[in-house]
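Have a look at the structure below, then the notes.
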Amino acid sequence: MAASSRAQVLRLYRALLRESQRFGGYNYRMYAIRRIRDAFRENKNIKDSEKIEELVNKAKANLEVIHRQV
Amino acid sequence: PQDPRVLDSMLPYLTAYYGNPHSRTHAYGWESEAAMEKARRQVADLVGADSREIIFTSGATESNNMAIKGVARFYKSRKKHIITTQTEHKCVLDSCRSLETEGFRVTYLPVKQNGLIDLKELETAFQPDTSLVSVMTVNNEIGVKQPIHDIGEICRAHKVFFHTDAAQAIGKIPMDVNDMKIDLMSISGHKIYGPKGVGAIYVRRRPRVRLEPLQSGGGQERGLRSGTVPTPLAVGLGAACEVAQQEMEYDHKRISELAERLVTKIMSEVPDVVMNGDKEHRYPGCINLSFAYVEGESLLMALKDVALSSGSACTSASLEPSYVLRAIGTDEDLAHSSIRFGIGRFTTEEEVDYTVEKCIQHVKRLREMSPLWEMVQDGIDLKSIKWTQH
């Protein structure tokens, strides 16, 4: 499945950052933005599609976590 | 602050899944128990233990009490001696004091100027009837890291149980109970961005450590700690441990950088600042600085929009200078001028810069007002002054 395409990953990234902006607490907001950016940057060269899918699923789960709390 | 991922893990157990984990007869109980056991495993994984060796408590204070009083009382017919250090957390020292009234003998090991204990002194402190050694891994006031590996080896050699209060160390530096030969360990929830009101104690099973339980009741937690386990809090603790394990490297690197930034900036702008505790063997997120010729409390008041302390939360109500600083040999006046800066996962660079700027500004202002500072500038040796009686 070519589901984890570059476009999809970027969409997720933007969605995560956008959702994090909605955190009321300064520290949570800054942490979320910083952590998301650093995590995506760290993993940007991964080529193994299984690993990519695992990371994408983790990102989706985290997106839901943030969504529940903003 | 609590990590949002921790809160998320707790939510279901605060709402729909409200069962008592000890109820064996219905699904509410079963799912609650499953969550509790999962949390137990998460805590165990962080320290390299088996999940049967983790007991949930109400916090590290309770764990410390259980470890010290429990072990001492269980073996009291043959062993009546305990070794600890002078820089331990209040609850450890207080437990020891209460044991002394029960007829036990306690040796409080002194620490060197850098806050670490002298291993040779530890060796000579052992007596034929020593039952327990208790040394905290990372000090909560000055941040020094004790040589736990070495202490574990020594205790194993003497066949004495080794308890460590790892509240400030867990999830921040790698801990392994087998590697470090630890027999009992106290864990605190809110120190690793988990909920307040929960903690855990690790009790080794091989070789078995026996404890006399503090809390009597229905026999929960292997009979060692009766009482309903607070499922949402336990789940939170488990999640906090798991997140801490994943984030340990990232957090440590970041906190080290922020700490370096804070200390370097302050020390380059302001003279006569002393960092309490060893520079190398420490956890970077807990920095204790003494600003000479400035009163600590007034600096704290000036920095009141920053969450700082001159000591620790449990001693913040008392006006005496910290006993930890006194133990490392800090002069009375420097001990009064100390501030503890805590940097954690959620601290931002801006917060550090703001704190540094305000700190420098106020230290300079307070020193301008200080007659002692004036005298020092004029080259007078403060120790040679004869203060007159009025």
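The values are calculated or read from the model by the stated rules, or taken from the named source; none is laboratory data. In this text the structure is predicted, and so the values were computed from the model without any measurement. In this analysis, Cβ positions are derived from the backbone assuming ideal geometry, glycine residues included, and neighbour counts consider all displayed protein chains.
Quick notes
- For the stretch A:48-70, taking the residues that are among the hydrophobic types (A, V, I, L, M, F, W, C) and within 10 Å of chain B (Cβ to nearest Cβ), the one that is nearest to A:L16 (Cα to Cα) is identified as A:I66.
- For beta carbons closer than 9 Å, sequence separation of 6+ or different chains, a first residue in the stretch B:1-22 that is within 11 Å of chain A (Cβ to nearest Cβ) and surrounded by fewer than 16 Cβ atoms within 10 Å (Cβ to Cβ) and a second that is of a type in the set (A, V, I, L, M, F, W, C) and not in a helix (DSSP H, G or I), the qualifying pairs are B:P1/B:F346.
- Remark: pairs (first residue in the stretch B:53-77, on the phi > 0 side of the Ramachandran plot; second residue surrounded by 22 or more Cβ atoms within 10 Å (Cβ to Cβ); Cβ separation under 8 Å; 6+ apart in sequence or on different chains) = B:G59/B:S188; B:G59/B:G189; B:G59/B:V198; B:G59/B:G199.
- Taken as a whole, the condition of being over 17 Å from B:D331 (Cα atoms), outside the structural domain of B:P147 (by the TED database) and not aromatic (F, W, Y) applies to B:S298.
- Residue match in the stretch B:347-359 (condition: touching an Asp or Glu at 6+ places or on another chain (Cβ under 9 Å), among the basic types (K, R) and either modelled with pLDDT under 90 or closer than 26 Å to B:Q2 by Cβ (or both)): no
- Pair list, Cβ under 7 Å, 6 or more apart: the stretch A:18-31 residue part of a loop (DSSP other than H, G, I, E, B), other residue surrounded by 14 or more Cβ atoms within 10 Å (Cβ to Cβ): A:Q21/A:R29; A:R22/A:V70; A:F23/A:R29; A:F23/A:A32; A:F23/A:V70
- Tabulated pairs, the stretch B:270-287, first within 17 Å of B:I343 (Cβ to Cβ), second among the basic types (K, R) and in a loop (DSSP other than H, G, I, E, B), C-beta under 7 angstrom, 6+ apart or interchain: B:Y283/B:K172; B:G285/B:K172
- No other residue among B:G217, B:G199, B:G194 is outside the structural domain of B:V356 (by the TED database) and more than 22 Å from B:V177 (Cα to Cα) apart from B:G217.
- Within the stretch A:16-47, considering residues that are surrounded by 12 or more Cβ atoms within 10 Å (Cβ to Cβ) and acidic (D, E), the one farthest from the other protein chains (Cβ to nearest Cβ): A:E19
- Residue count, the stretch B:23-41 (criterion: charged (D, E, K, R) and either surrounded by 19 or more Cβ atoms within 10 Å (Cβ to Cβ) or within 14 Å of chain A (Cβ to nearest Cβ) (or both)): 1
- Condition check for B:S63: more than 24 Å from A:V65 (Cβ to Cβ) and surrounded by fewer than 22 Cβ atoms within 10 Å (Cβ to Cβ): no
- Residue match in the stretch B:35-44 (condition: in contact with an Asp or Glu (Cβ under 8 Å, 6 or more places away or on another chain), assigned by the TED database to the domain that holds B:R222 and closer than 30 Å to B:M136 by Cβ): yes
- Some residue of the stretch B:45-52 being farther than 26 Å from A:V65 by Cα, at pLDDT below 90 and surrounded by 14 or more Cβ atoms within 10 Å (Cβ to Cβ): no
- Some residue of the stretch B:368-383 being more than 14 Å from every other protein chain (Cβ to nearest Cβ), of a type in the set (K, R), touching a residue at least 12 places away in the same chain (Cβ under 8 Å) and out of contact with any Asp or Glu (no Cβ under 8 Å at 6 or more places or on another chain): no
- Of the helices (runs of 4 or more DSSP H) contained entirely in the stretch B:325-390, not one carries at least 2 residues that are of a type outside the set (F, W, Y) and in contact with a strand residue (DSSP E or B) (Cβ under 6 Å, 6 or more places away or on another chain).
- Selected residue (criterion: surrounded by the fewest Cβ atoms within 10 Å (Cβ to Cβ)) from residues of the stretch B:345-367 that are touching a residue at least 40 places away in the same chain (Cβ under 8 Å) and of a type in the set (S, T, Y): B:Y354
- Residue count, the stretch B:83-109 (criterion: among the charged types (D, E, K, R) and crowded, with 19+ Cβ neighbours inside 10 Å): 1
- Residue count for the stretch B:110-129 under the criterion of being outside any helix (DSSP H, G or I) and surrounded by fewer than 20 Cβ atoms within 10 Å (Cβ to Cβ): the result is 9.
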